[in-house]
Amino acid sequence: MLVLLLTGWSAAYGEDGSRLWLRLEAAHNTATITGVKGTAMTELQTYWQGGPVVLKRQKGIARDGYTIKSQGEKIVIAAANDAGLLYGAYHLLRLQQCTTQNAQSIKDLDIKEQPAYDLRILNHWDNPNGTVERGFAGRSIFLNPDPERMKMYGRANASIGINGTVLNNVNAKPEALSSESLQKAKSIADQLRPYGIRVYLSINFASPIKVGGLKTADPLNPDVIHWWKDKVNEIYKLIPDFGGFLVKANSEGEPGPQDFGRTHADGANMLAKALQPHKGIVMWRAFVYAPQSPDRANQAYLEFMPLDGQFADNVIIQIKNGPVDFQPREPYSPLFTAMQKTPMMVEFQITQEYLGAANHLVYLAPMWKEFFSFVKPASLRAMAGVANIGDDTNWCGHHFAQANWYAFGRLAWNPELTSKEIAEEWLAQTFSTQSNQNSQSSILNSQLVNVMLDSREACVSYMMPLGIHHIFAGTHHYGPEPWYNPRGVRADWTPPYYHRADSVGLGFDRTMQGSGNVRQYPDELCRLYNDINTCPENLLAWFHHVPWDHRMKSGRTFWDELCHKYDDGVHEARHFLAVWDAMQPYVDSQRFDEVQHKLRIQARDAEWWRDACLLYFQTFSHRPIPQDMEHPVHNLNEMMQFRIPITMYENPEYGYNK
Ligand code: GCW
C-alpha cells in the first residue's frame, strides 16, 4: 500500500495507454466537493487535488455549457444540466493535468464555455460479429461490453464533450434491430447515460423485409410505415433517451428508398416521423455515388440538391468533409455551401483508413481545420466522427491516434480551437509525469507538437501530393497501388479512374471542359479552381489533368515537383522518428518502444509510397527523376507483386518491407 501511495497511480497501472489522456492520479486528500450529486461530483471527489468545489445548477446557461468561477478559496461550477456540470468538472481536471504547478495553485478562474453543436457524435463501424470495418485497433468494444471499459469510454468521451455514439456500422446488418441487439444497446445506453452520452443505431433500410417479413420496404407503404413506428416504440421502451438513426441508403450496395422508386427525402422523412414523437433524429448520409457516374465527385450534389428544403425538421444530412472519400487531401464537399434549406452535419473520419491505418502518426486536427476554413462552423448543425476505437489495450492501435479521438471531441465542442492548442493540451495530459513535469516536459511537448502539426502534410506528401487522390491499395486500402485495376471491379473503385495518368500528364479534369465539378462550388472558387494557373497547387491534380511539363510556382516542372514532394515526405517521416528517438529520456519505456516501432514502419512506408508512385508514374511521364533528390531504392515489379493478406477489419503488421 505504501509503495502504491509513494509511486502513485501511474506506476501501479503501468503506461500502456489504456488510460488515454485521463492519466489522473487519485487524490490523496479528498477535496470537499459539495452541491449537485452525480458523476461530476464523483469524478472530482476521486481526482481533484485542489481546493473546495461547489457544483450548482443555474438557469440561463446554454445546454451543456458551464461557468467555472473562483470565489475566495472555493471554485464554483455552474451549469443548466448534469452534462454541463460534468464538462465543467473535466475542464477543471484538465487544468490540473496541464499545470506544471499543483492544483492548489489554480486560482482566479473565470471561465464560460458552451458547445458549438448540440450533437457531438462518434460513429462506430462495428459489426455484430465483433469486426470493425476500417478498424485498426482490434475488435469491437461493444461485442461483450466490459463494464470497466464502458466506464472508461464514457469518461473519455465526456472529458472532451462527446455526447452521442452510434453503436454499429453504417453498412448495417438487419439484425441490428433484433430484440437481442436492442437488449444489448439498452445495456450500453444504461452504462453510458451517467456520462451524458446517448446511443444511436445505424439501420438497414430493408429491415421491414429482412427482420419484419414484409414484402417491401417502400417508405410510402402503410405497412412499412407501421412497422417502423412499432420498431421505434419498442426501442424507446427500452431506451427512453435513444438518440435516433444513422442511415446509409442507396450507396455501395446498401438498400434504400430508390429501390422502390422513392427519393432520399421520402425515406428519411418516413423514419423521422416515427422518431419525432420521441424527439429522435435521423442522420441521413449523403455518401452516394453510382458505378456508372462519369465523376464520382459530382454525385452527392446531383442527388441531394434537388431535395434541398424537402427534409423533415428532425433530419440532418450527414456529409463527408470531401466529395469523394476521406482522402489525405480533398477540397471540401460543395454540398456544404450549396444546400441552403437543409440542416447539415459533417462526417470526419477519425480512423485512418487512408492515412496509414494505426501504423502512421498523422494528427488530423489540421485537416479538419482546413475544412472549417472553407465551411463556416455555424453553417452546420452537428459533427460526427468515424471512431478509431477498438479493444486494443491502448484503444486506438497507435498511441498518437488517441490524439485524433481527442481532437475530434475538442473541435466538436469548439471548432475555433487551433490544432496547436489541442495538440499541446493532449500532449501535456498524455505524456507528462511527476518526474518530467517541468522543464523536461516542455522539451518533450515543444518537439512533439511540431511533429504532430507537420504530420498530416507530410502524409499528403509521401502518399498523394499535389491533388492526387484514391491511389491506395484495393480492399484493405493500405499502401500504394496506383496500378490497381482488376477486371470486374467497378471503375470508380480503381486508382486509374482518378489519376488518369497518360503521356500528357496526370490528374482528373474537373474543369468546365472536363466533368464540370468546379461548377458545384461558389463562383469565386469555381473560377479559382477552373484555371490551372490559379488553382491552388495542393489541389492541382484534383481539378486538372496537369501536363508533365506544367510550370509550377517553384519554377520546376510538374513532374519534378511531384518527385520532390514525394521525397520531402520521406524525409519528414524519418525526421519524426529522429525527434521521437531523442525523447527516450522523457517517455516511459513501453510507450517509447511502441511508438518507435510504429514510426519506423511509417518511415519505411513513406519510402514505399514514394518509390511505387514515382516509378509507376514514370512509365507515363518518361522523364528522369531529378538528380538533386534521393532515388527509389525499391523495384517497381516487385512492389506490384506485393499484397498484404488482410481484410478491411485489421491493421497491417507492416507494409512493404524488402
Ligand atoms: O470509405 C469507404 C469505406 C467503406 C465505408 C464507406 C462508407 C462503411 O471504404 O468501408 O463503409 O466508405 O463511408 O460508407
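Things worth noting here:
- Any hit, region 145-161, residues being within 21 Å of residue 234 (Cα to Cα), open to solvent by less than 30 Å² (accessible area, probe 1.4 Å) and under 21 Å from the mean Cα position of the chain (by Cα): no
- Residue match in region 589-599 (condition: in a helix (DSSP H, G or I), open to solvent by less than 70 Å² (accessible area, probe 1.4 Å), farther than 27 Å from residue 132 by Cβ and of a type in the set (A, V, I, L, M)): no
- Among the residues of region 322-338, those that are assigned to a loop (DSSP other than H, G, I, E, B), out of contact with any strand residue (DSSP E or B) (no Cβ under 7 Å at 6 or more places or on another chain) and not acidic (Asp, Glu) comprise 322, 323, 324, 327, 328, 329, 331, 332, 334.
- Unmet criterion (only one of (1) out of contact with any Pro (no Cβ under 7 Å at 6 or more places or on another chain); (2) away from the ligand (no atom under 16 Å from the Cβ)) for residue 127: (2)
- Considering residues of region 205-236 that are open to solvent by less than 10 Å² (accessible area, probe 1.4 Å) and not small (Gly, Ala, Ser) only, the residue nearest to residue 277 (Cα to Cα): 232
Yes or no, residue by residue, for (1) within 16 Å of the ligand (Cβ to nearest atom); (2) surrounded by 15 or more Cβ atoms within 10 Å (Cβ to Cβ):
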{"site": "612", "(1), (2)": "no, yes"}
{"site": "617", "(1), (2)": "no, yes"}
{"site": "621", "(1), (2)": "no, yes"}
{"site": "625", "(1), (2)": "no, yes"}
{"site": "630", "(1), (2)": "no, no"}
{"site": "633", "(1), (2)": "no, no"}
{"site": "638", "(1), (2)": "no, no"}
{"site": "645", "(1), (2)": "no, no"}
{"site": "649", "(1), (2)": "yes, yes"}
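- Residue within region 393-401 that is farther than 30 Å from residue 102 by Cβ, touching a Phe, Trp or Tyr at 6+ places or on another chain (Cβ under 9 Å), assigned to a loop (DSSP other than H, G, I, E, B) and open to solvent by 10 Å² or more (accessible area, probe 1.4 Å) present: yes
- Complete set of residues in region 618-655 that are aromatic (Phe, Trp, Tyr), closer than 28 Å to residue 548 by Cβ and either in contact with a Pro (Cβ under 9 Å, 6 or more places away or on another chain) or not in a helix (DSSP H, G or I) (or both): 642
- Of the residues making up region 237-251, those that are open to solvent by 10 Å² or more (accessible area, probe 1.4 Å) and either more than 29 Å from the chain's Cα centre (by Cα) or more than 16 Å from the ligand (Cβ to nearest atom) (or both) number 4.
- Checking each residue in region 363-388 for being among the hydroxyl-bearing types (Ser, Thr, Tyr) and touching a residue at least 12 places away in the same chain (Cβ under 8 Å) picks out 363, 379.
- Unmet criterion (only one of (1) touching a Pro at 6+ places or on another chain (Cβ under 6 Å); (2) among the hydrophobic types (A, V, I, L, M, F, W, C); (3) within 16 Å of the ligand (Cβ to nearest atom)) for residue 372: (3)
- A single member of 315, 288 is within 12 Å of the ligand (Cβ to nearest atom), more than 16 Å from the chain's Cα centre (by Cα) and either open to solvent by 20 Å² or more (accessible area, probe 1.4 Å) or touching a residue at least 12 places away in the same chain (Cβ under 8 Å) (or both), and it is 288.
The rows are residues; the columns are (1) of a type in the set (S, T, N, Q); (2) closer than 16 Å to residue 467 by Cα; (3) surrounded by 19 or more Cβ atoms within 10 Å (Cβ to Cβ); (4) more than 30 Å from the chain's Cα centre (by Cα).
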residue	(1), (2), (3), (4)
513	yes, no, no, yes
517	yes, yes, yes, no
520	yes, no, yes, no
529	no, yes, yes, no
532	no, yes, no, yes
539	no, yes, yes, no
542	no, yes, yes, no
551	no, yes, no, yes
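- Counting only strands (runs of 3 or more DSSP E) that sit wholly inside region 42-128, those with at least 3 residues that are among the hydroxyl-bearing types (Ser, Thr, Tyr) are 66-71.
- In region 410-443, the residue that is modelled with the highest pLDDT out of those that are among the hydroxyl-bearing types (Ser, Thr, Tyr) and in a loop (DSSP other than H, G, I, E, B) is 418.
- Selection of region 252-269 for residues being hydrophobic (A, V, I, L, M, F, W, C) and crowded, with 24+ Cβ neighbours inside 10 Å yields only 268.
- In region 568-580, the qualifying residues are those that are without any contact (Cβ under 8 Å) to a residue 40 or more places away in the chain and touching a helix residue (DSSP H, G or I) at 6+ places or on another chain (Cβ under 7 Å), and the one that is most open to solvent (accessible area, probe 1.4 Å) is 574.
- Conditions (1) modelled with pLDDT under 95; (2) open to solvent by less than 10 Å² (accessible area, probe 1.4 Å); (3) hydrophobic (A, V, I, L, M, F, W, C); number of the one not met by residue 26: (2)
- Of the listed requirements (1) on the phi < 0 side of the Ramachandran plot; (2) open to solvent by 30 Å² or more (accessible area, probe 1.4 Å); (3) not hydrophobic (A, V, I, L, M, F, W, C), residue 488 misses just one: (1).
The values are calculated or read from the model by the stated rules, or taken from the named source; none is laboratory data. This structure is a prediction, so every number in the text was calculated from the model and none was measured. Ideal geometry is used to build each Cβ from the backbone, glycine not excepted, and the neighbour counts take in all protein chains shown. Quick note on the areas: whole protein, heavy atoms, side chains included, nothing else; ligands and nucleic acids left out. Shrake-Rupley method; radii C 1.70, N 1.55, O 1.52, S 1.80 Å.
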